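Heads up: the structure comes next, in structure tokens.
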Amino acid sequence: MAKKTKSSKRPAKKAARPTARKSGDAASTALRYAHPFFTTTPIANREVSPKTGTTGLAQFAAKKLGPIPAPKRNPVMQLQDIIGRPGTDDIQNAGAIKLHVIGDAGRSGGDSAPQAQVAQAMTADYDAAAHGHNPAMLVHLGDVIYGHQKAALYRDEFYRPYMKYPGKIIAIPGNHDGETFAGTDPVSLKEFLNNFCATTAAVPPIAGDVRIFRETMTQPGVYWMLSAPFVNVIGLYSNIAEGPGNLLGANGDDQQIKWLTKTLSGLRQSAEKKALVIATHHPPFSSGGHSGSPDMLAQIDKACLDARIAPHAMLAGHAHNYQRYTRTAKIGGSGDVQIPYLVAGCAGHAASAVTAANHQHMGDTVFEKSLKGFGYLLVTANAAQLSIEMIETTDGVKKSFDKVAVDIASHRVT
């Protein structure tokens, strides 16, 4: 009888059980979305993201803020120091002051026409024989220059477009003015400081090369107050984040906020019956192009509450369109005030879409007006009223698009 032989078949192995993912596995730490804060969970209920160490975008941006250079001197500028005593007296005697205001200039995708049309329309507001009835100057809300090689770009994106504009130009920096690039622009705000905060006023070589007589400005720093007949304008630097804005500097530097509170307190104590305008690059409210900056708004609100004074208007850029809001709130310590918040980042750079305004209520704020297009603000202040007109220049046609007025004494929109 033949001997039995062992079967060559081996017993089948049991199927392996799936192993639990360890916390360090790539699959368990991968983000569901590229944006770590894309969630419906309120910020107060979120866990700290291991990727960012924060619970929201505002906190993440706050950890990466750029420096805010200390002012070279007292940040309060007098109008006569910029345009001279005779010009200031002319404005006082005229009974009102006018200011041009723009934000986010520069070429639109290589197209210089929109910026040129805004500049030409503002230039047409001047008459050499009108003296004090002319605009006192232009206030730029930031993003003067975009991209690499800022020193070279000032020629074609600032000095050349405003070659025929008669007024002086002062400015606050935008996020693109403060951005840095290794090799070409390694120092934040360097060219902004060179052109707007120079030690002495002089025509820079880059302007002389294109036969322009426009001197550098001698602002005390990147934040300041302009004291002029009928109006005080405070300009603040809201730093380098694409969004949101923040008045703090790198490493929690709060000197700008302290200065703002002290300056507002001084205005309160002086009891001047002037309009007060606060300008930032990033908008407190926005419904298109870029979002609003609630944390920055809270910083400004606190300074106003501490000083017991409220602005008559707030101006901003950053979003490349026009928007106007009316906010009713207790800010100045003496009952409800009404404040127009305007976004005017429409001076030439890449118009962006915006939600149609239809008097939508957003908490204590109403969304009044909006425009995807180009244009500038004409701000007028007299002893009784502050008015702001948005003049549209889209397609080269100059026309009034919107207007709002605030009674200085009652602090109500009229």
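The values are calculated or read from the model by the stated rules, or taken from the named source; none is laboratory data. Computed from a predicted structure; not experimentally measured. Cβ placement follows ideal geometry from the backbone for every residue including glycine, while neighbour counts extend to all protein chains displayed. Remember, those area values only see protein heavy atoms, side chains included, never the ligands or the DNA or RNA. Shrake-Rupley method; radii C 1.70, N 1.55, O 1.52, S 1.80 Å.
Heavy atoms only, probe 1.4 Å: what % of the accessible area of the chain goes to carbon and sulfur, would you let me know?
Details: 10580 of 19860 Å².
Ligands and nucleic acids excluded, carbon and sulfur reach 53 percent.
Given R₀ = 35 Å, what would the calculated FRET efficiency be for K372 paired with A271, taking r from the Cβ atoms and rounding to 0.05?
Working: r = 42 Å, r/R0 = 1.20.
Computed FRET efficiency for K372 and A271: 0.25.
Taking a ≥ b ≥ c as the square roots of the Cα gyration tensor eigenvalues, with a/c under 1.5 meaning rounded and otherwise prolate when a/b beats b/c, else oblate, which class fits segment 249-310? Walk me through the numbers before you get to the answer.
Working: a/c = 2.57, a/b = 1.44, b/c = 1.78.
Note, shape of segment 249-310 comes out oblate.
On a full-extension model of 0.36 nm per residue, what is the gain between D407 and D336, subtracting their alpha-carbon distance, rounded to one decimal in nm? Mind showing how you got there, number by number?
On the way: separation 71, 0.36 × 71 = 25.56 nm, distance 1.36 nm.
Taking 0.36 nm per residue and subtracting the Cα distance, the gain is 24.2 nm.
Quick one: divide the alpha-carbon radius of gyration of segment 307-414 by 2.2 N^0.38 Å and tell me what you get. Don't skip to the end; give the middle numbers.
Numbers: Rg = 14.2 Å, N = 108, 2.2 N^0.38 = 13.0 Å.
Here the Cα radius of gyration is 1.09 times the empirical estimate.
Over the Cα atoms of segment 102-215, what radius of gyration and what Dmax do you get, in Å?
Taking only Cα atoms of segment 102-215, I get Rg and Dmax of 14.2, 49 Å.
Which links in K63/K258; K262/K302; K164/K403; K150/K403; K64/K330 stretch past 23 Å when you go from one Cα to the other? If you can, show how the numbers build up before the last one.
Working: K63/K258 20 Å; K262/K302 12 Å; K164/K403 26 Å; K150/K403 35 Å; K64/K330 32 Å.
In this structure, K164/K403; K150/K403; K64/K330 exceed 23 Å between Cα atoms.
Taking Cα atoms of segment 184-223, Rg/Rh with Kirkwood Rh, to two decimals? Walk me through the numbers on the way to the answer.
Working: Rg = 10.9 Å, Rh = 10.8 Å.
Ratio value, two decimals: 1.01.
Take the Cβ-Cβ distance between A44 and K72 as r, set R0 to 51 Å, and report the resulting FRET efficiency rounded to the nearest 0.05. Don't skip to the end; give the middle numbers.
On the way: r = 41 Å, r/R0 = 0.81.
The pair A44/K72 has a calculated efficiency of 0.80.
Determine, at each q value in 0.06, 0.09, 0.10, 0.11 (inverse angstroms), the log₁₀ of I(q)/I(0) that the Debye formula gives when each Cα of the chain is one equal point scatterer.
-0.28, -0.55, -0.67, -0.81
On a full-extension model of 0.36 nm per residue, what is the gain between A198 and N251, subtracting their alpha-carbon distance, rounded to one decimal in nm? Don't skip to the end; give the middle numbers.
Values: separation 53, 0.36 × 53 = 19.08 nm, distance 2.61 nm.
Extending this stretch completely gives an extra 16.5 nm.
Rule-of-thumb check for segment 22-84: C-alpha Rg over 2.2 N^0.38 Å? Numbers along the way, then the final one.
Numbers: Rg = 21.4 Å, N = 63, 2.2 N^0.38 = 10.6 Å.
Taking N as the residue count of segment 22-84, the ratio is 2.02.
Keeping all protein chains in place, calculate the accessible area per residue for the chain (probe 1.4 angstrom), answer in Å². Present the calculation step by step, with values, prior to reporting the outcome.
Numbers: 19860 Å² over 414 residues.
Ligands and nucleic acids excluded, the figure is 48 Å² per residue.
Once you put a point 7 Å from the Cα of A128 and another 7 Å from the Cα of H148, both along the Cβ direction, what distance in nm separates them?
4.3
Computed from the mean reciprocal separation of all distinct C-alpha pairs, what Kirkwood hydrodynamic radius does segment 165-269 have, in Å?
Working: mean 1/r = 0.0641 Å⁻¹.
15.6 Å is the Kirkwood radius here.
Contour minus end-to-end for D156 and A113, with contour as 0.36 nm per residue of separation and end-to-end as the Cα-Cα distance?
Numbers: separation 43, 0.36 × 43 = 15.48 nm, distance 1.24 nm.
Between D156 and A113, full extension yields an extra 14.2 nm.
State the percent of C-alpha pairs, over all pairs in segment 185-339, separated by a distance greater than 22 angstrom.
That tail contains 48 percent of the Cα-Cα pairs.
With r defined as the distance between the Cβ atoms of Q92 and D364 and R0 fixed at 45 Å, what FRET efficiency is calculated, to the nearest 0.05? If you can, show how the numbers build up before the last one.
Details: r = 36 Å, r/R0 = 0.80.
After rounding, the FRET efficiency stands at 0.80.
Could you grab the relative contact order for segment 118-187? Cα pairs under 8 Å, six or more apart, rounded to a whole percent. Can you show the working numbers first?
Working: 72 pairs, mean separation 28.9, N = 70.
Answer for segment 118-187 is 41 percent.
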